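The values are calculated or read from the model by the stated rules, or taken from the named source; none is laboratory data. Keep in mind it's a predicted model, so treat the numbers as computed, not measured. When we count neighbours, we look across all protein chains shown, and the Cβ atoms used for this are built from the backbone with ideal geometry, even at glycine. For the accessible areas, the whole protein counts, side chains as well, though only heavy atoms, and no ligand, DNA or RNA atoms are used. Shrake-Rupley method; radii C 1.70, N 1.55, O 1.52, S 1.80 Å.
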Amino acid sequence: MTPKIRTLTTTSAAVFLAISFAFAGSAGAAEASAKPTLTQDQQAGKDIAFSKSEGNCLACHAIANGELPGNIGPMLVAMKIRYPNKEDLFKVIWDPREKFGKGIIMPPFGDHKILTKEQIDQVVDYLYTL
Amino acid sequence: MKKIVPTLLIVGLIAGIGSAVAADAKFNPLNNPSNPEEFAKEFRNYFYQNFPQIKHDEYNMGTYGFDKDAYSQYKDMMEFPPQDDYIAKGKKIWNEYRLPDGKPLSSCVGDAKGLRAKYPYFNPKDGQVHNLELDLINCQKNAGVPADKVWGPKQGYADLAAVSAYLSSESDGMKVDVQIPKDPRATEAFNNGKEMFFRKTGQLNLSCADCHMYHATQRTRAEILHTGIGNTSGFPVYRYSKQNMVTLNNRLFGCMRDTRAIPFPQYSEQFRDLEYFLAYIDNGQVINGPALRK
């Protein structure tokens, strides 16, 4: 990753990037079989994120290949670029109130023991593939 | 899939940006603690300002008042309104049911016409907010109906919901007109309900306002979130997905359980106060129950 990309932290930059990814994706999607397979942890994280009774992230976030996503939160895309430091991403999921204020609708998954530390690690691993 | 994925990405992004805007409007739930009327005005204005696309007299339709797709599905479901069976059943029960002293339920709560529109109300005698279904239950209890025959949240619920549907149809077209008398206990009941609406609860740390105010009109999965106005006007509602007539108390109980909180008991003071708050906000909306929801 170039230093230039790493400094792109504003929303508009992230959105621009995400859109270009989206277009890039339209070409790539043609060869769906070329999709990289997930590691065990990444797959576990994906299962948690998609499951209604666990993470249920799809209730609010669009995620690639997730069916019927809600549109309350921003789409989860280009996570590695937007959160170059894994720990920051972990923290958002553990307790989003720290970053977004206590009015945020997103549940504090770690702080309220909805997911365990290990599960959130797996979700982060998965988000990094997006 | 080839085309859908990128489209979804872009739609998701736009929607994501929109989401931040919805929550931006300034609103302070602590405003006007001693003046419900002023508060209700501000509360309604939040929606009028943020959702100019919703017509004032369509708030009583829930999500069908602003979502075209949902509305067309609704039209289809309404070809054969499943509520009608419940209204007929409820009417029969209402007419035939006798308390142990041989009297009908109307001897206890009054005639069917317009009865639903009198609820909820604050009763200065006991200082409590009264809910229609609970008053029917209390008629039975006070008249000495054996405990296992009283309509509760489980047993007899179908009969209670049918009667509720019938009574709602007998107030169809009337306006919600909830009074808050000059009694500090009434104001307190309203404020208590208001607090319940805005307080985050449960393991998921969600408030009613999170979904039905700050993120109203957005979607959780495929569910479109209705607004903070028109919560009560259509009740009871027949829910297609549950194939069941659902009373307001039952619905509020369900929404609270969904936040993974341990809900207050059904018909408890807390739920009646919440209903009082929601119904007062709905003042001026036309009662159009029993309504139909997906």
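Working carefully through the options B:MET78, B:MET61, find the one that is in contact with a Leu (Cβ under 7 Å, 6 or more places away or on another chain) and modelled with pLDDT under 95. Walk me through how you get there before you give the answer.
Working: B:MET61 fails: in contact with a Leu (Cβ under 7 Å, 6 or more places away or on another chain).
Matching residue, one of B:MET78, B:MET61: B:MET78.
Are any residues in the stretch A:57-94 crowded, with 20+ Cβ neighbours inside 10 Å, in a loop (DSSP other than H, G, I, E, B) and touching a strand residue (DSSP E or B) at 6+ places or on another chain (Cβ under 9 Å), and if so, which ones?
Within the stretch A:57-94, A:CYS60, A:HIS61, A:ALA62, A:ALA64, A:PRO69, A:GLY70, A:ASN71, A:ILE72, A:MET75, A:VAL77 qualify.
Looking at B:THR232, B:THR217, which is the one that is among the hydroxyl-bearing types (Ser, Thr, Tyr) and under 17 Å from A:GLY70 (Cα atoms)? Can you show your working first?
Details: B:THR232 fails: under 17 Å from A:GLY70 (Cα atoms).
Every option except B:THR217 fails the conditions.
Quick check on A:ILE120: is it more than 15 Å from B:LEU204 (Cβ to Cβ), more than 9 Å from chain B (Cβ to nearest Cβ) and surrounded by 19 or more Cβ atoms within 10 Å (Cβ to Cβ)?
Values: more than 15 Å from B:LEU204 (Cβ to Cβ): yes; more than 9 Å from chain B (Cβ to nearest Cβ): yes; surrounded by 19 or more Cβ atoms within 10 Å (Cβ to Cβ): yes.
In short, yes.
Show the residue pairs that are 6+ apart or on different chains and have beta-carbon atoms under 7 Å apart, the first residue being within the stretch A:67-84 and of a type outside the set (Val, Ile, Thr), the second being open to solvent by 20 Å² or more (accessible area, probe 1.4 Å) and part of a strand (DSSP E or B).
Every condition considered, the pairs that remain are A:GLY70/B:ARG219; A:GLY70/B:THR220; A:ASN71/B:ARG219.
How many residues are crowded, with 17+ Cβ neighbours inside 10 Å, within 22 Å of the chain's Cα centre (by Cα) and touching a residue at least 60 places away in the same chain (Cβ under 8 Å) when one looks only at the stretch B:92-118?
Within the stretch B:92-118, residues that are crowded, with 17+ Cβ neighbours inside 10 Å, within 22 Å of the chain's Cα centre (by Cα) and touching a residue at least 60 places away in the same chain (Cβ under 8 Å) number 2.
Tell me, which residue of the stretch B:193-207 that is out of contact with any strand residue (DSSP E or B) (no Cβ under 9 Å at 6 or more places or on another chain) and either open to solvent by less than 10 Å² (accessible area, probe 1.4 Å) or within 26 Å of B:TYR121 (Cβ to Cβ) (or both) is nearest to the other protein chains (Cβ to nearest Cβ)? Working first, answer last.
First, pick out the residues of the stretch B:193-207 that are out of contact with any strand residue (DSSP E or B) (no Cβ under 9 Å at 6 or more places or on another chain): B:194-199, B:201-206.
From what is left, the residues that are either open to solvent by less than 10 Å² (accessible area, probe 1.4 Å) or within 26 Å of B:TYR121 (Cβ to Cβ) (or both) are B:194-199.
Numbers: B:LYS194: 16, B:GLU195: 15, B:MET196: 17, B:PHE197: 14, B:PHE198: 10, B:ARG199: 12 Å.
It comes out as B:PHE198.
If A:GLY45 passes every condition in (1) assigned to a loop (DSSP other than H, G, I, E, B); (2) modelled with pLDDT of 95 or more; (3) small (Gly, Ala, Ser) but one, which one does it miss?
Among (1) assigned to a loop (DSSP other than H, G, I, E, B); (2) modelled with pLDDT of 95 or more; (3) small (Gly, Ala, Ser), A:GLY45 violates only (1).
Going through the stretch B:48-78 one residue at a time, which ones are acidic (Asp, Glu) and either over 20 Å from the mean Cα position of the chain (by Cα) or open to solvent by 50 Å² or more (accessible area, probe 1.4 Å) (or both)? Step through it out loud before you land on a result.
Going through the stretch B:48-78, the residues acidic (Asp, Glu) turn out to be B:57-58, B:67, B:69, B:76.
Result: B:ASP57, B:GLU58, B:ASP69, B:ASP76.
Suppose we filter the stretch A:68-104 for residues that are within 9 Å of chain B (Cβ to nearest Cβ) and out of contact with any Phe, Trp or Tyr (no Cβ under 7 Å at 6 or more places or on another chain); how many remain?
Taking the stretch A:68-104 first, the residues within 9 Å of chain B (Cβ to nearest Cβ) are A:68-77, A:97, A:102-104.
Keeping just the survivors that are out of contact with any Phe, Trp or Tyr (no Cβ under 7 Å at 6 or more places or on another chain) gives A:68-76, A:97, A:102-104.
Counting residues in the stretch A:68-104 that are within 9 Å of chain B (Cβ to nearest Cβ) and out of contact with any Phe, Trp or Tyr (no Cβ under 7 Å at 6 or more places or on another chain) gives 13.
Please verify whether the stretch B:34-47 includes one or more residues that are surrounded by 19 or more Cβ atoms within 10 Å (Cβ to Cβ), touching a strand residue (DSSP E or B) at 6+ places or on another chain (Cβ under 7 Å) and under 23 Å from B:TYR214 (Cβ atoms).
The answer is no; no qualifying residue exists.
Of everything in the stretch B:264-282, what is under 30 Å from A:ASN56 (Cα atoms) and open to solvent by 30 Å² or more (accessible area, probe 1.4 Å)? Give them in sequence order.
B:PHE264, B:PRO265, B:GLN266, B:GLN270
How many of the residues making up the stretch B:78-118 are in a loop (DSSP other than H, G, I, E, B) and either out of contact with any strand residue (DSSP E or B) (no Cβ under 7 Å at 6 or more places or on another chain) or closer than 11 Å to B:LEU167 by Cα (or both)? Break it down into steps so the answer makes sense when it comes.
Restricting attention to the stretch B:78-118, the residues satisfying the condition of being in a loop (DSSP other than H, G, I, E, B) are B:78-82, B:97-105, B:110-115.
In the following step, the residues that additionally are either out of contact with any strand residue (DSSP E or B) (no Cβ under 7 Å at 6 or more places or on another chain) or closer than 11 Å to B:LEU167 by Cα (or both) were identified as B:79-80, B:97-105, B:110-115.
Within the stretch B:78-118, residues that are in a loop (DSSP other than H, G, I, E, B) and either out of contact with any strand residue (DSSP E or B) (no Cβ under 7 Å at 6 or more places or on another chain) or closer than 11 Å to B:LEU167 by Cα (or both) number 17.
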